[in-house]
Amino acid sequence: MAGPIYKRILLKLSGEALEGNGKDPIDFGVVSQFCDEIAAVRKLGVDVGLVVGGGNIFRGAKGVETGLDQPTGDYMGMLATVINALALQAMLEKKGAATRVITAIEMRPIAEPYIRRRAIRHLEKGRVVIFGAGTGNPFFTTDTAAALRANEIGAEVVLKATKVDGIYDLDPVKHKDAKKYDELSYTTALAKNLRVMDAAAISLCREHKLPILVFNLNEPGSIMKAICGEKIGTLVKGD
């Protein structure tokens, strides 16, 4: 396998990815596997920023369905991302990878408040930086948080780890004839509503020409393959 083609990445993990078999909100066996890969990438000298969702614990949209106002539901979802961030931090440090959890909502006893220059300094010192609490604002998803933080820290790519091996024109679970894209433009992803990421996140990446690679996290070694430039998943770039 060739060496890494990126010096700095932003990895976006869904909260659901941490569920594993679905019996518990966080499957630490699954978390351990993810962290093995992340630690291995860090050992190659790649700066790693990480944004994790909170859908395995609480999703803001679900709160709205039960009668909560959206800001309250979204704030609850942001707090769920911090729980996931702490779980990832504990496992990464167990594997010898220095980390910092930085949150958009201040909670100083357990994490540092988000300060862009401090986050970059941690990356320069070889620490995995885990961004919790989304953007700190309701009405924005963790996809948008990933696009925002990636641009702020100067990441060269957003790696979006999902449960499928890329982007399809139709839902591959429901449609056996669904066609997978190897590459497509931001404009096409938006126009066809392919749900790569939410529209705000894609638009932000398009504006700053930041590529998005969507791939299957459950495939062993997928993160390493992605940072080494192997042909996996779907790459979103260009107009």
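The values are calculated or read from the model by the stated rules, or taken from the named source; none is laboratory data. Just so it is clear, the model here is predicted, and its values are computed rather than measured. Methodologically, a virtual Cβ is constructed for each residue, glycine included, from the backbone with ideal geometry; neighbour enumeration extends over all protein chains shown.
Structural remarks
- Residue within the range 49-59 that is assigned to a helix (DSSP H, G or I) and farther than 22 Å from Ala200 by Cβ present: no
- Enumeration of residues in the range 124-147 that are buried (at least 21 other Cβ atoms within 10 Å of the Cβ), in a helix (DSSP H, G or I) and in contact with a strand residue (DSSP E or B) (Cβ under 9 Å, 6 or more places away or on another chain): Thr142, Asp143, Ala145, Ala146, Ala147
- Number of the condition not met by Gly67 [criteria: (1) part of a loop (DSSP other than H, G, I, E, B); (2) modelled with pLDDT of 95 or more; (3) of a type outside the set (A, V, I, L, M, F, W, C)]: (2)
- Enumeration of residues in the range 157-190 that are of a type in the set (Gly, Ala, Ser) and either under 20 Å from Ala145 (Cβ atoms) or not in a loop (DSSP other than H, G, I, E, B) (or both): Ala161, Ala189
- Assessment of the range 92-106 against the conditions (assigned to a helix (DSSP H, G or I) and more than 17 Å from Gly49 (Cβ to Cβ)) yields at least one matching residue.
- Taken over the range 149-183, the residue count meeting the criterion of being farther than 21 Å from Glu16 by Cα, crowded, with 20+ Cβ neighbours inside 10 Å and out of contact with any Gly (no Cβ under 8 Å at 6 or more places or on another chain) is 1.
- For beta carbons closer than 7 Å, sequence separation of 6+ or different chains, a first residue in the range 7-30 that is free of Cβ contacts under 8 Å to residues at least 24 places away in the same chain and a second that is not in a loop (DSSP other than H, G, I, E, B) and not hydroxyl-bearing (Ser, Thr, Tyr), the qualifying pairs are Gly20/Gly29; Gly20/Val30; Asp27/Leu18; Val30/Leu18.
- Screening Lys23 against (1) among the basic types (Lys, Arg); (2) part of a loop (DSSP other than H, G, I, E, B); (3) closer than 24 Å to Phe215 by Cβ leaves a single unmet condition, (3).
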